[in-house]
1. May I ask you to list the residues in region 31-44 that are crowded, with 19+ Cβ neighbours inside 10 Å and outside any loop (DSSP other than H, G, I, E, B)?
2. How many residues are under 23 Å from A40 (Cα atoms) and of a type in the set (D, E, K, R) if we restrict to region 52-83?
3. Could you tell me whether region 18-26 includes any residue that is at pLDDT 95 or above, part of a strand (DSSP E or B) and either in contact with a helix residue (DSSP H, G or I) (Cβ under 7 Å, 6 or more places away or on another chain) or of a type in the set (A, V, I, L, M) (or both)?
4. Which of the residues belonging to region 3-17 are assigned to a helix (DSSP H, G or I) and under 14 Å from the mean Cα position of the chain (by Cα)?
5. Within region 84-91, is even one residue modelled with pLDDT under 95 and among the hydroxyl-bearing types (S, T, Y)?
6. Cβ-Cβ distance below 6 Å, separation of 6 or more or different chains: which pairs start in region 54-75 with a residue that is farther than 19 Å from D33 by Cα and part of a helix (DSSP H, G or I) and end on one that is among the polar types (S, T, N, Q) and modelled with pLDDT of 95 or more?
7. Going by what's in this entry, would I61 be described as of a type in the set (A, V, I, L, M), touching a Phe, Trp or Tyr at 6+ places or on another chain (Cβ under 8 Å), closer than 25 Å to H12 by Cα and at pLDDT 85 or above?
8. So how many residues does region 32-55 have that are farther than 23 Å from C70 by Cα and charged (D, E, K, R)?
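The values are calculated or read from the model by the stated rules, or taken from the named source; none is laboratory data. Keep in mind that what you see is a predicted model, and the values were worked out from it rather than measured. Cβ placement follows ideal geometry from the backbone for every residue including glycine, while neighbour counts extend to all protein chains displayed.
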Amino acid sequence: MTQKTEIDWVDHFKKVCICRSITGGTIMKAIQDGALSFEALRRAIRVGTGNCKAKRCRPKIEDKLHAYRCALEVEAKRSKGEDAASPPEPGTCDGGDACNP
């Protein structure tokens, strides 16, 4: 188990979907459980179904989804033994903060 930084703890308890009072930790748990799209999260935990209809929270949730998918790609490359320093292919993540859309 990795140690969480102070920022990780704040993100875990901070409300992302204000209308439904859904925290970042709840969203990340649903993502880890297999809800890998905004619509899947909407069905699983009703995120984005409040009064604003996801106008406030959707960009933050999409960022969390993107970061999780990038981390999965990087982990898959490492498990295959691919060089993490090799340039990313178009449409994939490079494992850093930047993504190569």
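1. Those that are crowded, with 19+ Cβ neighbours inside 10 Å and outside any loop (DSSP other than H, G, I, E, B): I31, L41.
2. 11
3. Taking every residue of region 18-26 in turn, at least one turns out to be at pLDDT 95 or above, part of a strand (DSSP E or B) and either in contact with a helix residue (DSSP H, G or I) (Cβ under 7 Å, 6 or more places away or on another chain) or of a type in the set (A, V, I, L, M) (or both).
4. D8, D11, H12, listed by residue number.
5. Looking through region 84-91, at least one residue is modelled with pLDDT under 95 and among the hydroxyl-bearing types (S, T, Y).
6. none
7. For I61, the condition - of a type in the set (A, V, I, L, M), touching a Phe, Trp or Tyr at 6+ places or on another chain (Cβ under 8 Å), closer than 25 Å to H12 by Cα and at pLDDT 85 or above - is met.
8. Here the count works out to 3.
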